[in-house]
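> Quick one: this structure, given as structure tokens, is what I'll be asking you about.
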Amino acid sequence: MTHPSTEFLDLQAALAGEYSLQRELGRGGMGVVYLARDVRLDRDVAIKILPAHLADTPSAREQFLREARMAAKLSHPNIVPIHRVAEAGGFVFFVMAYVEGETLGERLRARGPLPPAEAARILREVAWALAYAHGRGIVHRDVKPDNILLEAGTGRALVTDFGIAHGADATSATDPGKITGTAHFMSPEQAAGERVDGRSDIYALGVVGYLALSGRLPFESSNLPALLVRQATEASPSVMSAAPGLPPALGAAIDRCLARDPAGRFADGEALADALAPAPSAKLALPPTLRAWLAARNPLLVPYMAWSAGFGVLTLGNLLAWVTGNRPDGPADIVLLAGIASLPLLPIVGFHLNQAYRQFRAGHTLADLRAALDVARRERAETEALTQQKEPRAHRILRYGTVAAGTWLAATIGLLLEGVIHENRTGIQWFLLPVLTTMLLGAVSNALDVQFVPSKIRRWWQTGIRDRLWSSRVGEWLSHRLGAPERSRLAGASAFRATEAALGVAASELFAALPKTYREQLAELPSIVEALEARAAAARAELEVLGAIAPAGSADQEVLAERKAAAESQLAETVAALEGIRLDLLRLHAGAVDLAPLTTLIDAARQIGEDVGRLAEAQREVE
């Protein structure tokens with residue numbers, strides 16, 4: 001058993017009744033961080049204190065307080081919020097939100113370089129945070145992987161530890177020639193002790209990206225002076241040489257961040273974030289485990305179908321016999337045979353439950369499965385749009401005729417088996433006629449490549465039981481029984497999710513973590529978030545389908561352009577509503593107590609959710 005340090009005990013004594021210390025989270029040159037429980041608000045927080053040996057040094061104490069005061073001014077979804085700055089029992093400390101997860105440095109040390117899509121997303125979120133801070137005159141000056149937190153479940157990146165930050169217009173409180181920062185991530189001007197601005201943080205973020213994508217640093221040396229000389233005099237090698245195969249746009253953005261001259265870098269974080277944005281046509285890449293889950297097929301599906309078809313024919317025969325009066329005891333037999341015909345549903349559902357159970361054990365959540373199903377539906381819609389042509393009338397007549405002939409044949413077989421039709425009474429033509437008709441129509445349909453099953457039925461069969469099961473409340477109940485984790489345990493699990501899906505998951509998790517009184521006052525929020533997420537996903541699917549349709553003439557082009565603009569507007573306003581809900585939930589977690597902004601936003605979101613008729617009608621036109 002590890003005994004607590006004297007510092008831990010003294011701090012707990014000083015904060016008794018306000019915070020309950022649990023354990024040390026980490027320590028660095030400018031502070032020690034503890035996990036604690038806020039007694040009054042009953043939530044986990046992180047408390048950072050200035051080490052005792054530095055607290056007696058006026059310059060170090062002032063620098064620490066400056067960090068806290070400046071960081072407390074920042075309120076951004078990608079910056080760890082500061083709740084309180086105070087002194088107690090000789091300790092100087094500040095209290096900040098506790099982010100469950102790991103640092104980017106821990107992630108890289110444990111599992112190596114990131115996939116390009118995940119790295120680009122993290123860098124983009126950090127760029128937004130830096131742009132926000134720079135806009136308020138604050139330069140971080142120590143951007144590095146260990147100062148970037150990755151939130152568990154959502155994967156959201158949050159910047160922390162403004163330990164050596166200062167106002168861009170302020171003069172240094174230390175000696176002019178003193179270098180502050182982490183050497184490998186310093187810009188040349190920062191290493192030279194010159195005045196820095198936000199572009200110095202852009203350089204540091206470029207080094208972070210270089211390391212995250214390649215597992216290497218752009219400059220390495222056996223000693224600090226040699227490292228600083230190389231950074232100041234040599235051009236950075238291209239990240240493409242260290243990590244071949246990167247998307248060219250991503251590699252170019254990293255290389256531009258690492259320009260020696262600040263004028264050659266991005267002017268601000270917003271410009272960098274725009275350069276890191278995914279291309280509009282980029283596809284959401286599913287993790288291999290979820291892709292395998294979508295492709296899994298029950299090996300006994302054909303025998304099950306044959307079983308159901310055989311007993312279904314018998315059921316139909318008994319039904320016809322009962323309707324015609326030949327089997328007065330028919331209802332009991334009909335119910336029995338229908339039950340036997342539906343028995344394969346049990347092993348089919350069991351197969352899907354087992355497949356989902358494996359995904360839950362691997363660390364995926366129900367939200368991951370639902371997002372994967374949504375991606376698969378979009379891919380199917382796009383494939384159908386690319387291959388679908390107007391069906392000739394003759395093909396449609398053949399399809400309907402073949403279905404009718406097959407139904408006639410099945411009914412005839414049922415009547416023969418039940419003894420309603422006898423050869424000595426009706427003649428062999430009662431059986432041969434439907435057989436020959438079905439064979440003839442089937443052969444012609446096959447020769448003309450007629451789609452035998454209508455598109456709506458085919459779409460239902462492709463999505464099947466799995467889609468309806470895991471998208472329902474029953475699926476939610478079953479997922480809990482199967483041990484589905486509340487938060488994904490896989491790195492980058494949310495990278496494949498569309499924006500609305502990621503926002504929906506984040507909002508749901510933030511709502512679940514609220515105190516009970518807040519959840520009761522905002523009881524309708526989960527259903528509104530779910531409706532908004534579905535509406536945004538439908539608008540996105542329509543945009544993808546419309547993008548795959550080639551207009552036949554100028555009139556069609558105008559109609560498609562109008563529908564595309566309407567879908568884009570709908571997607572933007574719905575995602576904005578989701579983003580607003582998430583931000584207000586974040587503010588609640590950060591200590592805000594006023595629910596009025598969130599309830600107002602919920603009312604607006606409800607009005608958005610009610611306007612679904614137009615999208616549904618447009619979707620039917622596309623189909």
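> Could you tell me how many of the residues in region 56-91 are at pLDDT 80 or above and aromatic (F, W, Y)?
1
> Give the residue that is modelled with the lowest pLDDT, with candidates limited to residues of region 464-513 that are assigned to a helix (DSSP H, G or I) and of a type in the set (S, T, N, Q).
Here the answer is T499.
> Out of A131, A117, report the one residue that is in a helix (DSSP H, G or I) and at pLDDT 90 or above.
That would be A131, the only listed residue that is in a helix (DSSP H, G or I) and at pLDDT 90 or above.
> May I pose another question? For region 180-244, which helices (runs of 4 or more DSSP H) that fit wholly inside it have 2 or more residues that are out of contact with any Gly (no Cβ under 9 Å at 6 or more places or on another chain) and in the same structural domain as D142 (by TED's automatic domain parsing)?
On the way: elements: 188-191, 198-214, 224-233, 239-242.
Here the list reads 188-191, 198-214, 224-233.
> How many of the residues in region 50-59 are within 25 Å of R23 (Cβ to Cβ) and surrounded by fewer than 21 Cβ atoms within 10 Å (Cβ to Cβ)? Write out each step before concluding.
Within region 50-59, the first condition is being within 25 Å of R23 (Cβ to Cβ), and the residues that meet it are 50-55.
After this cut, where a residue has to be surrounded by fewer than 21 Cβ atoms within 10 Å (Cβ to Cβ) as well, the list is 51-55.
Matching residues across region 50-59 total 5.
> What number of residues within region 37-55 satisfy the criterion of being basic (K, R) and either part of a loop (DSSP other than H, G, I, E, B) or modelled with pLDDT under 80 (or both)?
Taking region 37-55 first, the residues basic (K, R) are 37, 40, 43, 48.
Those left that are additionally either part of a loop (DSSP other than H, G, I, E, B) or modelled with pLDDT under 80 (or both): 40.
Of the residues in that region, 1 qualify.
> Let me ask something additional. Within region 341-371, take every residue that is among the charged types (D, E, K, R) and either assigned to a loop (DSSP other than H, G, I, E, B) or buried (at least 20 other Cβ atoms within 10 Å of the Cβ) (or both) and give me the one that is nearest to the chain's Cα centre (by Cα).
D368
> All but one of (1) in the same structural domain as L205 (by TED's automatic domain parsing); (2) surrounded by 16 or more Cβ atoms within 10 Å (Cβ to Cβ); (3) under 19 Å from K144 (Cα atoms) hold for E106; state the number of the condition that does not hold.
So E106 meets the others, but not (2).
> Only one of G153, G177 is under 28 Å from L50 (Cα atoms) and either part of a loop (DSSP other than H, G, I, E, B) or at pLDDT below 85 (or both). Can you tell me which?
G177
> Which one of these is under 29 Å from L583 (Cα atoms) and out of contact with any Cys (no Cβ under 6 Å at 6 or more places or on another chain): R84, R27, R61?
From the options R84, R27, R61, the qualifying one is R84.
The values are calculated or read from the model by the stated rules, or taken from the named source; none is laboratory data. Keep in mind the model is a prediction, meaning the values are calculated, not measured. Reconstructed Cβ throughout: ideal geometry from the backbone, glycine too, with neighbour counts over all protein chains shown.
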